[in-house]
Amino acid sequence: MPVGRSQHTNEWAEAHGCGTGILKHAPCKDCQAIMKVLLLKDPKEDDCGQDPYIRELGLYGLEATLIPVLSFEFLSLSSFSEKLSHPEGYGGLIFTSPRAVEAVELCLEKDNKTEVWKHSLKEKWNAKSVYVVGSATSSLVNKIGLDTEGESCGNAEKLAEYICSRESPALPLLFPCGTVKGEILPKMLKDKGIPMESIIVYQKVPHPGIQVNLHSYYSQQGIPASITFFSPSGLTHSLKHIQELSGDNIGRIKFAAIGPSTARALAAQGLPVSCTAESPTPPALAKGLRLALQAPGC
């Protein structure tokens, strides 16, 4: 079954101390109907016990439902653990996804290195640069005790520009990543002579419940006003089902992307991109969807 839906107003956030209590850009009178939007991502509860995307979209009068389309398998953890144990061999770390941070946590648990991390390794890595993309990844990196920089960069390309603007390290930057990684960041660093060592620590696989969950959503909710994709891989594994379920009505759907690489993947499939979030954050996506979905003249 679909995973979650939004609250429709800001009363929920105000009552739970999780918001400002101020309606953001309330729709005009003619736009008050609640629009249903579909987010193809895992639910991630924050400190308020609700996915921040659901809550933020609810403040804009959008009823969001989450359906996960990807699962993850972790790879090469023994090799990654060995590299994490020798920070002296690297100039710093690069994290561009929450899964890479999860791989660090798994390495520490698997090899009983949690105490060693707390008492020595963490401090040694913090003496170096730890670069991240986005606030969500930054928050996870902070939780394992590392200080971050570059989190305001909305995508890998902007992070690469940020890294290139810094003093070039003599030692390589360690970059844990997935099997399907963008080539922009590695190429930009290579072109600038910045050494980097990639290690694949996870791979994306289709979520086993994609088809059932999408069918259930369409049966109960009908055609969504918008569908947001959160990665090119998520698009690959879900598009066929969406096309079959939407049929001739697919032209009614506003397609949105969480970032430029996903937007390019949508365009490559011949789908119009109505919204690309300025950054991979709930407020940026909510703002973009509101503009894409508002009625003419509103």
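The values are calculated or read from the model by the stated rules, or taken from the named source; none is laboratory data. All values reported here derive from a predicted model rather than from experimental measurement. Cβ placement follows ideal geometry from the backbone for every residue including glycine, while neighbour counts extend to all protein chains displayed. Ligands, DNA and RNA are stripped out before the accessible areas are found, and what is left, the full protein with its side chains, is counted by its heavy atoms. Shrake-Rupley method; radii C 1.70, N 1.55, O 1.52, S 1.80 Å.
With a 1.4 Å probe and all protein chains in place, put 162, 202 in order of accessible area, largest first. It would help to have the intermediate numbers written out before the result.
Numbers: 162 65, 202 20 Å².
Accessible-area ranking of 162, 202, largest first: 162, 202.
Run the Debye formula on the Cα coordinates of the range 73-205, all scatterers equal and no solvent, and tell me log10 I(q)/I(0) at q = 0.12, 0.18, 0.20 1/Å.
-0.40, -0.97, -1.23
Long-range amide H contacts for residue 259: which residues qualify at under 5 Å (H placed 1.01 Å from N, peptide plane, sequence gap of 5 or more or a different chain)?
277
Per residue of the range 85-95, what does 6.51 cos²θ - 1.76 cosθ + 1.60 with θ = phi - 60° give for ³J(HN,Hα)? Whole Hz please, x for Gly and Pro, Karplus curve as stated.
7, 10, x, 5, x, 9, x, x, 10, 10, 10
Between 0 and 90 degrees, rounded to the nearest ten: what's the tilt of helix 282-293 against the longest Cα principal axis of the chain?
Relative to the chain, helix 282-293 is tipped by roughly 30 degrees.
Show me the three semi-axes of the equivalent ellipsoid for the chain, from the C-alpha gyration tensor (sqrt of 5 times each eigenvalue), largest first, rounded to whole Å. If you can, show how the numbers build up before the last one.
Values: eigenvalues 260, 85, 72 Å².
Over the Cα atoms of the chain, the ellipsoid semi-axes are 36, 21, 19 Å.
Once fully extended, how much extra length lies between residue 291 and residue 245, figured as 0.36 nm per residue of separation less the alpha-carbon to alpha-carbon distance? It would help to have the intermediate numbers written out before the result.
Values: separation 46, 0.36 × 46 = 16.56 nm, distance 2.57 nm.
Roughly 14.0 nm would be gained on extension.
Mean separation of Cα pairs under 8 Å and 6+ residues apart, divided by the residue count of the range 29-182: what relative contact order is that in percent?
Once normalised by length, the contact order is 22 percent.
On a straight-distance basis, which lysines could pair with residue 128 in a cross-link, Cα separation under 27 angstrom, same-chain partners fewer than 8 positions away excluded?
Cα-Cα hits under 27 Å: 83, 110, 113, 118, 143, 158, 181, 187, 190, 192.
In what sequence, largest accessible area first, do 191, 42 appear using a 1.4 Å probe? Can you show the working numbers first?
Values: 191 105, 42 40 Å².
The most accessible residue leads, giving 191, 42.
So what are the ³J(HN,Hα) numbers for the range 200-208, from phi and the Karplus equation (6.51, -1.76, 1.60; θ = phi - 60°), rounded to whole Hz, Gly and Pro as x?
Whole-Hz 3J(HN,Hα) from phi for the range 200-208: 7, 10, 7, 9, 8, 10, x, 5, x.
Please list the non-local residues whose amide H lies under 5 Å from the amide H of residue 129, H modeled 1.01 Å from N, same-chain partners needing a gap of 5 or more.
Amide H neighbours of residue 129: 93.
Taking a 1.4 Å probe, which of 210, 223 shows the most accessible area, and what order do the others take after it? Each step should come with its number before you reach the end.
Numbers: 210 5, 223 45 Å².
Largest to smallest exposure gives the sequence 223, 210.
Can you list the residues, at least 5 places off or on another chain, whose amide H is less than 5 Å from the amide H of residue 254, using H built in the peptide plane?
Answer set, sorted by chain and number: 226, 227.
With every protein chain left in place and a probe of 1.4 Å, what is the accessible surface of residue 230, to the nearest 10 Å²?
50 Å²
Out of all DSSP beta bridges with both ends in the chain, state the antiparallel percent to the nearest 5.
Expressed as a percentage, antiparallel bridges in the chain total about 15.
Report the normalised scattering of the range 165-272 as log10 I(q)/I(0) at q = 0.16 Å⁻¹, calculated by the Debye formula with identical scatterers on the alpha carbons.
Taking Cα atoms of the range 165-272 as identical point scatterers yields -0.81.
Take the alpha-carbon centre of the range 176-211, take the same for the range 219-245, and report the distance between them in whole Å.
So the two Cα centres are separated by 24 Å.
Kirkwood Rh and Cα-based Rg: tell me the resulting Rg over Rh for the range 111-189, rounded to two decimals. Before the final figure, lay out the partial values.
On the way: Rg = 13.4 Å, Rh = 13.7 Å.
With Rg and the Kirkwood Rh in hand, the quotient comes to 0.98.
Determine ³J(HN,Hα), in whole Hz, for all residues of the range 250-259 in sequence, where each value follows from phi through the Karplus function 6.51 cos²θ - 1.76 cosθ + 1.60 and θ = phi - 60°; x replaces Gly and Pro.
4, x, 7, 8, 8, 8, 10, 10, 7, x
Using a 1.4 angstrom probe and counting only protein chains, how large is the accessible area of residue 180 in Å², to 10?
Here the accessible area works out near 100 Å².
Taking 0.36 nm per intervening residue step and subtracting the Cα-Cα distance, what contour gain separates residue 116 from residue 221 on full extension?
Working: separation 105, 0.36 × 105 = 37.80 nm, distance 5.05 nm.
So the chain would gain 32.8 nm between residue 116 and residue 221.
What's the magnitude of the charge dipole for the chain around its Cα centre, counting Lys and Arg as +1 and Asp and Glu as -1 at the beta-carbon? Answer in Debye, nearest 20. Walk me through the numbers on the way to the answer.
Values: 29 positive and 31 negative charges, 118 e Å.
Its charge dipole is roughly 560 debye.
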